[in-house]
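Engineer: I'd like to ask you about the structure that follows.
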Amino acid sequence: MTVRIEATRRKRGTRDAEATRAAILDAARAEFAESGLGGGRIEAIAERAACNKAMLYHYFGSKDALFTAVLEHNYALIRAAEAELDLARLDPLDAIRRFVEFSFDYVATNPEFIKLLNEENLHRGRHIDPDLARQLNSPVVSALSEVLARGTDSGVFRSDVDPQHLYITIASICYFPVSNRYTLSAIFKLQSDGDMLEDRRRQAIDVIFGYLRP
């Protein structure tokens, strides 16, 4: 009986620890996206997460380490979402269309992700572990490579496309109009926010298909 009680307590303790850590990551994501690494305050993160500062330092050690954990967690989230696209089961043209649409929609509906990336670029990427980043990015590049090979074999794609460069191009063409929508709208007097983004989404697909065409 005692052994069973101890096992139950340990299991509950593990769940509580995981829940606390997840709450801290969510709170830190919001705080860093809003105020940046320099302006983000540990006190504010603790308040958002409904815990004390000691818990933050216990789980993450420092504010910089917490920022790194937030970045890694959010990269893992987008990679997991990409994996769910299951591009291998789709026709090559449908697979590329779906991936471009997903890439555009993800940044459009996750503004905090954009802000975190902008912040990390201001810090010259010093919080990202290159090996982990490459490991996280490898599955989607491999999936695109397989789609490109099938598209080349069926004659719908050109044969000289590098999947890594294609991924960067798709990310760029989807990221820029979303992250810069307000300045672009001011400079070019574009349509309302929703209409402008929908136009850019359609154009992203057209541009990528134009590039891939044999």
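The values are calculated or read from the model by the stated rules, or taken from the named source; none is laboratory data. It should be emphasised that the depicted structure is a prediction, and the values quoted were computed from it without experimental measurement. FYI the Cβ positions are ideal-geometry reconstructions off the backbone, even for glycines, and counts take in every protein chain you see. These accessible areas exclude ligands, DNA and RNA; they are computed on the full protein's heavy atoms, side chains included. Shrake-Rupley method; radii C 1.70, N 1.55, O 1.52, S 1.80 Å.
Engineer: To the nearest 500 deg cm²/dmol, what mean residue ellipticity at 222 nm is calculated for the chain from DSSP H runs of n ≥ 4 alone, each contributing -39,500 (n - 2.57), summed and divided by the residues?
Structural biologist: Only helices count here, giving -27500 deg cm²/dmol.
Engineer: While we're on this one: Label points 7 Å out from Cα along the Cβ direction at K189 and S138: separation in nm?
Structural biologist: Taking the simple label geometry, K189 and S138 are separated by 5.2 nm.
Engineer: Follow-up question, since we're still on this one. Given [x] 24, 20, 18; [y] 26, 21, 18; [z] 37, 24, 15 as candidate values of semi-axes √(5λ) of the Cα gyration tensor in Å, which corresponds to the one derived from the coordinates?
Structural biologist: Label of the calculated value: [z].
Engineer: What are the ³J(HN,Hα) couplings of the stretch 45-53, residue after residue, when phi is run through the Karplus curve with 6.51, -1.76, 1.60 and θ = phi - 60°? Round to Hz, x for glycine and proline.
Structural biologist: So the Karplus estimates, Gly and Pro as x, are 5, 4, 5, 4, 8, 6, 9, 9, 4 Hz.
Engineer: Also: If we sort 157-167, 90-100 on the protection proxy, mean other Cβ atoms within 10 Å, highest first, what's the order?
Structural biologist: Ranking the peptides 157-167, 90-100 by packing returns 90-100, 157-167.
Engineer: Accessible area, 1.4 Å probe, largest first: how do K189, K53, K63 sort?
Structural biologist: Of K189, K53, K63, the descending order of accessible area is K189, K53, K63.
Engineer: Here is a further query. With θ taken as phi - 60° and the coefficients 6.51, -1.76 and 1.60, list the Karplus ³J(HN,Hα) couplings across the stretch 55-67 in order, rounded to whole Hz; mark glycine and proline as x.
Structural biologist: Values per residue, Gly and Pro as x: 5, 4, 5, 5, 7, 10, x, 7, 5, 5, 5, 5, 4 Hz.
Engineer: Also: Please give every one of the aspartates and glutamates within straight-line cross-link reach of K189, meaning a C-alpha to C-alpha distance under 18 Å, and leave out same-chain neighbours fewer than 8 residues apart.
Structural biologist: Partners found: E198, D199.
Engineer: Residue separation times 0.36 nm, minus the C-alpha to C-alpha distance between A65 and E47: what's the value?
Structural biologist: 4.6 nm
Engineer: On to the next question. Can you send over the solvent-accessible area of R79, 1.4 Å probe, protein chains only, in Å² to the nearest 10?
Structural biologist: Only protein atoms counted, so the area is about 40 Å².
Engineer: Tell me, what is the 1.4 Å probe accessible area of E72, in Å² to the nearest 10?
Structural biologist: E72 exposes around 60 Å² with every protein chain in place.
Engineer: Let me ask something else about it. Relative to the longest principal axis of the chain, what angle (0 to 90°, nearest 10) does the C-alpha long axis of helix 111-122 take?
Structural biologist: 90
Engineer: With unit charges on the beta carbon (Lys/Arg positive, Asp/Glu negative), name the residue among N110, I128, V178 whose Cα is farthest towards the positive pole of the charge dipole of the stretch 82-214.
Structural biologist: It is V178.
Engineer: What length, rounded to one decimal in nm, is gained on full extension from L77 through to F209, with 0.36 nm per residue of separation minus their alpha-carbon distance?
Structural biologist: So the extension gain works out to 44.9 nm.
Engineer: OK, next. Just read off the accessible area of S145 with the full protein assembly in place, 1.4 Å probe, to the nearest 10 Å².
Structural biologist: Surface open to solvent at S145 totals about 50 Å².
Engineer: Something else now. So for the pair A23, R124, with labels modelled 7 Å out along Cα→Cβ, what separation do we get in nm?
Structural biologist: 3.8
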